[in-house]
1. For HIS4, what accessible area in Å² do you get when you roll a 1.4 Å probe over the heavy atoms of the protein chains, rounding to the nearest 10?
2. For region 17-164, what is the accessible area per residue in Å², given a 1.4 Å probe and the full set of protein chains?
3. Considering only protein heavy atoms, with the full assembly of protein chains and a 1.4 angstrom probe, order LYS97, LYS11 by accessible area, largest first.
4. Label 7 Å along Cα→Cβ of LEU59; region 39-53 residues with amide nitrogen under 17 Å?
5. Expressed as a whole percentage, what fraction of the accessible surface of region 1-155 belongs to carbon and sulfur atoms when a 1.4 Å probe is rolled over the protein heavy atoms?
6. Long-range amide H contacts for VAL66: which residues qualify at under 5 Å (H placed 1.01 Å from N, peptide plane, sequence gap of 5 or more or a different chain)?
7. Taking amide H atoms as placed 1.01 Å from N in the peptide plane, list the residues 5 or more away in sequence, or in a different chain, whose amide H sits under 5 Å from that of ASN140.
8. With every protein chain kept in the model, how would you rank TRP136, TRP48 by accessible area, 1.4 Å probe, largest at the top?
Amino acid sequence: MGPHITADLLKVLLQLKTKSFACISDIEKAFLMVQLREEDRDYTRFLWLEDPTDPNSKLLVYKFRVVLFGATCSPFLLNATIKKHLSMVEGDVERIKRGLYVENLQFTSIGDNELVNFFFEANEIFAQVHLYLKEWTSNNDSLQRLLKHMGLVPEHKQLIRSYV
């Protein structure tokens, strides 16, 4: 058995307590972005009734084309794929890798500028690998104002003050 590539959740949560400010984001449609090879799709077959209202209707066989959310192996497949793609781009990807937990990204900072710079850098790095960050939130007023100005945070979105 090899090393775990999914971050230790306790370490991720404790990292949120280490500095004054934090931001959190989510990779948009992360599991749906990882396609399965054609020869691996047979392992994801499922049955569906042609007419769900008729229990005697013909059974159809479908196969997933992408990593399915909820399978035991899915977090591993997603993390391995993300880390592989991140290794091919320039930028501070190690800082990003340390902040990843499955499809979530978190970062902590002691100052406004570092947090705002991380926001722009993380978005740029993920865009290079055709993954996009969404649902940003922060306990930092400067970043929160920037997110609102860019239309990335709904007015009702709760801040993460209670975590820091």
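The values are calculated or read from the model by the stated rules, or taken from the named source; none is laboratory data. These numbers were taken from a predicted model, which means no experiment stands behind them. Note: ideal-geometry Cβ built from the backbone for every residue, glycine included; neighbour counts use all protein chains shown. Side chains are part of the model used for accessible areas, which takes the heavy atoms of the whole protein and leaves out ligands, DNA and RNA. Shrake-Rupley method; radii C 1.70, N 1.55, O 1.52, S 1.80 Å.
1. Rounded to the nearest 10, that gives 150 Å².
2. Per residue, region 17-164 has 63 Å² of solvent-accessible surface.
3. Result of the area sort, largest leading: LYS11, LYS97.
4. The answer is 42-53.
5. Accessible surface attributable to carbon and sulfur in region 1-155 totals 56 percent.
6. So VAL66 has HN proximity to LEU36.
7. Answer set, sorted by chain and number: ALA22.
8. Details: TRP136 5, TRP48 135 Å².
Result, largest first: TRP48, TRP136.
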